[in-house]
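The values are calculated or read from the model by the stated rules, or taken from the named source; none is laboratory data. If you're wondering where the values come from, they're calculated on a predicted model, not measured in any experiment. Backbone-built Cβ (ideal geometry, glycine too); neighbour counts: all protein chains shown. All accessible areas refer to the heavy atoms of the entire protein, side chains included, with ligands and DNA or RNA removed. Shrake-Rupley method; radii C 1.70, N 1.55, O 1.52, S 1.80 Å.
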Amino acid sequence: MKSLFLIATFIGFSLGIFAQKATVSGYVTDKNTGENLFNCGIFIKELNKTAYTNDYGFYSFTIDTGSYTLRIAYAMMRTYEMKVHVTRDVRLNIPMIPVETMIDEVTVTTEKADKNTKSTDLGKVELTIEKVKSLPAFLGEVDVLKTIQLLPGVLAAGEGNSGFYVRGGGPDQNLVLLDEAPVYNASHLFGFFSVFNADAVSGLDLYKGSMPAQYGGRLASVLDISMKEGNNQKVKVDGGIGLISSRLTVQGPIKKDTSAFIISARRTYIDVLMKPFIKKDSPFAGSAYYFYDLNAKVNYKFTDKDRIFLSGYFGKDVFNLNNVQDDFAMKIPWGNATGTARWNHLFSDKLFMNVTGLFSKYDFKFEGSQDQFKFGLKSGIMDYSGKVDFQYFPSLRHNIRFGAYYVHHRFIPSSASASSGETEFDVGGTVKLFAHEAAVYVGDDFDITDMLRINVGVRYSFFNHIGPFTRYVKDPTTGKNSDTLNYAKGESVALYHGPEPRISIRYSLTQNASLKAGFTRNLQFIHLASLSTVSLPTDVWIPSTDRVKPQLGYQYSVGYFQNFKDNTYETSVELYYKEMKNQVEYREGALPDDDVKDNIDNNFVFGKGWSYGAEFFVKKRTGKFNGWVGYTLAWTKRQFPDINFGEVYYAKYDRRHDLSVALSYDPTKKVSLGLVFIYATGNAITLPVSWYLIDNRITYEYGQRNSLRMRPYHRLDLSVTLKGKETKKFKSSWNFSIYNVYSRLNPYFIYIDSDGDPYDGSLTIKAKQVSLFPILPSVTWNFNF
């Protein structure tokens with residue numbers, strides 16, 4: 001009897017070891033449009049595990065054969081539950097049904113219910129474009145970048161500005177991607193609007209810390225924006241007419257269920273609206289400003305194993321200023337262009353590959369003339385790159401990514417021209433800098449136990465600044481050029497490389513609560529040089545050189561995450577500390593013309609920085625009333641031996657308190673209400689502390705850098721969306737927004753004004769504030785058919 005028991009035990013143990021496994025894989029799509037749904041959660045009830053689709057809607061998990069209950073949830077989709085009996089490998093494509101109208105009987109989710117506490121994500125936020133569109137819009141323009149400014153740890157660059165700073169990092173430390181292509185200047189109208197047309201965007205991921213190994217090249221954050229793929233079921237037209245711009249999007253099948261396209265365009269008409277008010281005999285006749293965007297994308301599915309995507313973006317700002325009376329004219333065009341070609345391939349049910357070719361270009365021009373004198377300035381950056389990414393799903397406990405990346409950079413930091421009549425001045429001509437950048441990476445997100453999950457990865461990066469290049473050598477005594485070093489085409493000027501490890505850990509305290517911790521080491525090889533306190537088109541990108549070392553950043557973070565009331569509420573508290581080395585600034589007193597016949601980096605100084613803080617976040621995910629409240633308490637400091645006498649000072653990105661409230665409420669099926677409230681500590685500024693007279697001219701003595709603060713910034717925005725009568729073929733809505741409801745005069749910048757005579761005692765010197773936007777109502781009509 002004892003022997004029989006031992007034999008039975010052995011057989012049972014053996015069957016446990018050699019239990020038959022099977023892989024379930026497939027794509028999750030929107031049934032109405034055929035678009036793939038990325039980051040969609042597939043919950044396996046019997047195992048209490050969740051698998052997620054990747055960026056192309058593909059999922060894969062390997063389990064023991066048997067019967068299982070799958071629950072699939074996605075933003076603004078009906079939650080789908082199904083029984084599956086798994087006896088062998090199976091391809092299971094899942095179409096999700098959108099919730100067109102909110103009804104009580106349908107469960108609506110805004111994202112994966114337990115991802116807040118179950119994932120290893122630290123400092124990551126996912127936003128759907130539906131949520132972005134539900135909030136009040138600035139002058140009727142829905143703006144992706146203004147929405148992420150409402151998240152804790154993300155600061156606005158200034159009043160009405162779409163630029164953003166993340167956890168004490170500068171604007172160049174944010175990697176902004178559109179369909180994987182980097183966008184180097186993401187702003188229109190000198191920063192007041194972003195280049196992203198919301199009608200062409202499907203969603204976005206923001207990484208503020210612990211970014212996965214597949215991302216690199218920046219210290220602060222990654223903003224990964226995905227374009228819509230196009231409707232492969234039927235032709236659909238969306239559009240909107242606002243006070244300053246209109247937009248139109250057309251999408252539809254090229255071949256139903258197989259191929260689709262989308263084209264989306266937007267243009268402002270400030271120039272058209274102002275033209276009747278500028279008379280032909282006015283000195284400013286011919287002055288105008290406008291911008292436009294064009295997004296396009298096509299995809300073709302050969303089989304379930306092969307699919308290609310082609311997408312592109314082109315946008316431009318054009319600003320013309322004429323003054324016939326003074327014989328003065330100025331033209332400032334700038335813009336971005338990107339292109340992405342991707343091939344998805346399934347080697348097996350467990351191995352997914354994506355091969356990508358990328359193009360990205362940003363250029364800025366300035367052309368001015370007065371009388372017979374003409375002056376021109378040009379700068380920009382252009383990239384050609386390629387990458388291959390693999391995703392391997394060995395089991396439910398592992399999600400392995402690995403791949404490689406290469407980019408060829410061409411920089412134009414400065415290109416000047418000047419002439420008077422037929423006389424050409426020698427101002428140095430066009431300066432071009434070239435570099436290679438490459439990286440390989442591997443990362444694994446896996447469960448050690450049911451309680452402990454870890455995401456570990458390493459990225460090894462390379463950067464090579466190459467010729468042709470001329471180095472101007474400075475005399476240390478006089479500061480003038482004393483020698484030149486010439487590098488031939490392709491010759492190495494400076495080579496840098498190094499590892500970028502990163503790790504994040506999640507430990508589950510209960511079913512609805514967890515602790516997380518993370519560490520990242522990042523290298524950044526390209527830099528944004530700016531002479532202004534805000535990001536402007538005149539800022540220039542430059543590579544690491546023999547004089548400019550790569551920026552190096554270390555970030556440590558820890559957080560507590562908990563969900564309440566069946567995952568209806570998400571809460572989190574994150575603490576972070578960040579060190580930044582080899583930071584770059586212009587030297588004190590530097591001027592734009594200092595770069596003529598010189599290396600731009602000869603005008604740089606170098607130092608270090610650090611930031612630390614706490615981020616608090618409360619979010620209601622579901623129901624007619626939802627939204628979030630975020631608060632950040634933070635410090636950001638810099639220290640440069642050549643700035644501020646070497647003393648520590650607060651960076652312009654320092655913001656002690658930052659509070660954001662973003663709420664939406666749908667009282668009926670026809671009415672939606674939105675509210676945004678912002679409060680932030682005033683920006684750090686440098687102002688004069690005394691003045692004196694030299695040759696009867698007032699000369700100011702400035703205090704320590706960023707030693708003063710502007711007034712606090714706060715603002716309330718409201719919006720109402722009214723849906724019109726709907727038919728099967730046509731829908732429309734009116735959106736009414738009020739920006740800055742109580743007309744707060746928030747500071748944009750401060751200048752020093754003097755009035756009176758210093759010799760008779762009547763002189764008064766005052767610091768005066770300039771504010772841009774009082775209360776601004778707007779109305780937009782949106783339609784689709």
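Between residue 348 and residue 760, the distance separating the two model label sites (each 7 Å from Cα on the Cα→Cβ line) works out to 9.3 nm. Computed with every protein chain present, the accessible area of residue 608 is close to 100 Å² [probe 1.4 Å]. Paramagnetic label reach from residue 21 (point 7 Å along Cα→Cβ; backbone nitrogen cut-off under 19 Å): within region 393-409, residues 393-402. Here region 463-498 and region 46-62 have alpha carbon centers that stand 50 Å from each other. Averaging Cα coordinates gives a centre for region 149-224 and one for region 565-644; these two points are 12 Å apart. Net length available on complete extension from residue 699 to residue 726 is 3.1 nm, with 0.36 nm assigned per residue and the Cα-Cα distance removed. Of all aspartates and glutamates in the structure, the ones whose alpha carbon falls short of 17 Å from that of residue 565, not counting any fewer than 8 places away in one chain, are 111, 114.
Kindly work out what percent of the DSSP beta bridges joining two residues of the chain are antiparallel, to the nearest 5. Rounded to the nearest five, the antiparallel share is 95 percent. Please compare each pair in 31/301; 316/768; 331/489; 208/236; 474/637; 83/725 to a cut-off of 27 Å on the Cα-Cα distance and tell me which ones are over it. From the list (31/301; 316/768; 331/489; 208/236; 474/637; 83/725), the Cα-Cα distance tops 27 Å for 316/768; 331/489; 208/236; 474/637; 83/725. Stretching residue 45 away from residue 510 to a fully extended chain increases their span by 165.7 nm, per 0.36 nm per residue minus the current alpha-carbon distance.
Relative to the longest principal axis of the Cα atoms of the chain, the long axis of helix 2-17 makes an angle of roughly 30 degrees. In this structure, residue 31 and residue 745 have a Cβ-Cβ separation that, at R0 = 41 Å, corresponds to a calculated FRET efficiency of about 0.25.
A straight Cα-to-Cα reach below 15 Å connects residue 365 with the aspartates and glutamates 317, 539, residues fewer than 8 places away in its own chain not being considered. With a simple spin-label model that places each label point 7 Å from the Cα along the Cα-to-Cβ direction, the separation between residue 420 and residue 753 comes to 3.6 nm.
Would you list, by chain and number, the aspartates and glutamates whose Cα falls below 17 Å from the Cα of residue 729, excluding same-chain residues fewer than 8 positions away? Reachable aspartates and glutamates: 100, 238. Each other residue within a Cβ distance under 12 Å of residue 467 adds +1 if Lys or Arg and -1 if Asp or Glu, for a net charge of +1.
The HN-Hα couplings worked out from phi for region 495-505 by the Karplus form 6.51 cos²θ - 1.76 cosθ + 1.60 (θ = phi - 60°) are 10, 10, 7, x, x, 10, x, 8, 8, 9, 10 Hz, whole numbers, x standing for Gly and Pro. Per residue of the chain, the DSSP helices (runs of n ≥ 4 H) give a summed -39500 (n - 2.57) that works out to -1000 deg cm²/dmol at 222 nm. Here residue 300 sits with roughly 80 square angstrom of accessible surface, probe radius 1.4 Å. Compared with the alpha-carbon gap, the fully stretched path from residue 679 to residue 300 is longer by 131.8 nm at 0.36 nm per residue.
From the P(r) of the chain, can you give the percent of Cα pairs sitting at distances over 55 Å? Taking all Cα-Cα pairs of the chain, the fraction more than 55 Å apart is 13 percent. Counting charges near residue 750 (Lys, Arg +1; Asp, Glu -1) among other residues having Cβ under 14 Å from its Cβ returns a value of +3.
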